[in-house]
Amino acid sequence: MYVIRLANGRLRVPYSELTENEEIVQAYREIGPEDEEYSSLMAEAVSEEELVRIKDRWRRDDAALRASFEAWKASSQED
């Protein structure tokens, strides 16, 4: 999960919480410049547009890896 820099300058920050059923839930919360963590988190934040590019790259890389694996699997079954 990434720290996301929103267009309004606020940050969407990932966090985890333990439910009453002892399940871990992952979510985001928004913080602003008044939050003491803001400065350090801003340094690692990506914009929403950057996050879209990152996810697109993951999909492309996953597709190439899957195709490579499927080709290997098909060739190993022929033996």
Hz values of 3J(HN,Hα) by residue in segment 64-75 - Karplus curve (6.51, -1.76, 1.60), Gly and Pro given as x: 5, 5, 4, 4, 4, 5, 4, 5, 4, 4, 5, 6
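Over the residues of the chain, compute the C-alpha Rg and express it relative to 2.2 N^0.38 Å. Before the final figure, lay out each step's value.
Values: Rg = 19.3 Å, N = 79, 2.2 N^0.38 = 11.6 Å.
This ratio for the chain stands at 1.67.
Determine the calculated [θ] at 222 nm for the chain from helices alone, applying -39500 (n - 2.57) to every DSSP H run no shorter than 4 residues and normalising by the residue count; nearest 500 deg cm²/dmol. Don't skip to the end; give the middle numbers.
Working: 2 runs with 36 residues, N = 79.
Counting only the DSSP helices, I get -15500 deg cm²/dmol.
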Amide H neighbours of Val46 under 5 Å, counting only residues 5+ apart in sequence or on other chains, H built in-plane at 1.01 Å? Val3, Ile4, Arg5
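In segment 10-79, which GluC sites (Glu not before Pro) are in a loop and have at most 12 other Cβ atoms within 10 Å, using DSSP for the loop call?
Numbers: sites: Glu17, Glu20, Glu22, Glu23, Glu30, Glu34, Glu36, Glu37, Glu44, Glu48, Glu49, Glu50, Glu70, Glu78; in loops: Glu20, Glu22, Glu23, Glu34, Glu36, Glu37, Glu44.
In loop regions of segment 10-79 (DSSP not H, G, I, E or B), the sparsely surrounded GluC sites (Glu not before Pro) are Glu20, Glu22, Glu23, Glu34, Glu36, Glu37, Glu44.
Every number here is computed from the coordinates shown, using simple stated rules; none is lab data. On a predicted model such as this, the values are computed, not experimentally measured, just so you know. Reconstructed Cβ throughout: ideal geometry from the backbone, glycine too, with neighbour counts over all protein chains shown.
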